[in-house]
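S.K.: Below you will find the structure I want to go over with you.
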Amino acid sequence: LQAAVQHLLPPEASDYGDLRISLERPQQATVSVSGPPSALHYAVAASGAGAHVAFAPFRPNLPAAELRFGALHFNWDSETRRAEGMAPIVGGSVTPPDAALRASEVTGVVRLDGDMLELAPVNASITGNRFVGSASFDLVRRTGRASASGVAANIENSLLHTAFHNTLLRGSASVRAEADLSLESSSATIELDATQADIAVDWWFHKPAGT
């Protein structure tokens, strides 16, 4: 089963980073065959006790990740040629280009439905606070969307500190973000409730935290 997983990875995956997948034992795979010899129908089912996935990117716009998965389930049918699978994320971390926004204690559910890979819901600790989000990625078009919300602390240590023109942010802020994902480039829209943040705009405006 380990060899099959490695074989299913697209060859170009190695262009983006070093991806390592280790499956835990026990592992099981079954193939069912039915129908006349001229029109055989195959059904494949595979499962594993868990997995460890590590990704070290070669490109600066991609995140690094190290995730642990619980019991894995995968199915494929020769009639529909559609793959389906599911695996819970039981721990790990994701480190974006802005390392101050590293997500730890990641948990969630990953689902494969044909060409779509979905992560929903997902929970993680970012700057010491809980965030919740979701993501989807089209494996054929290689594009996707993601969203997340939560409270970010110590934003002066992250890119949010200077994310707005001529503006400096410090302290904590409620964050809601949506992103368009691509293996080549990504863009994000970020909304902040900065009531608990310290805001300074150039030399002429200053709002203390809590006002």
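The values are calculated or read from the model by the stated rules, or taken from the named source; none is laboratory data. Owing to the predicted nature of the structure, the values given are computational and were not obtained by experimental measurement. Quick reminder, even Gly has a Cβ in these numbers, built from the backbone with ideal geometry, and neighbours come from all protein chains shown.
S.K.: Does V110 fit the bill of being touching a Pro at 6+ places or on another chain (Cβ under 6 Å) and at pLDDT 90 or above? Spell out how you get there, then give the answer.
M.R.: Values: touching a Pro at 6+ places or on another chain (Cβ under 6 Å): no; at pLDDT 90 or above: yes.
No, not satisfied.
S.K.: Any residue in the range 46-61 that is at pLDDT below 90, surrounded by fewer than 17 Cβ atoms within 10 Å (Cβ to Cβ) and under 18 Å from E178 (Cβ atoms)?
M.R.: Taking every residue of the range 46-61 in turn, at least one turns out to be at pLDDT below 90, surrounded by fewer than 17 Cβ atoms within 10 Å (Cβ to Cβ) and under 18 Å from E178 (Cβ atoms).
S.K.: May I pose another question? For G70, all conditions in the list (1) surrounded by fewer than 16 Cβ atoms within 10 Å (Cβ to Cβ); (2) without any contact (Cβ under 8 Å) to a residue 24 or more places away in the chain hold save one; what is the number of the exception?
M.R.: Result: G70 passes all but (1).
S.K.: Can you find, within the range 1-28, the residue that is modelled with the lowest pLDDT among those that are of a type in the set (S, T, Y) and not in a helix (DSSP H, G or I)?
M.R.: Step one: filter the range 1-28 for residues of a type in the set (S, T, Y), giving 14, 16, 22.
Okay, now just the ones that are also not in a helix (DSSP H, G or I), so 16, 22.
On the way: Y16: 82, S22: 90.
Selected residue: Y16.
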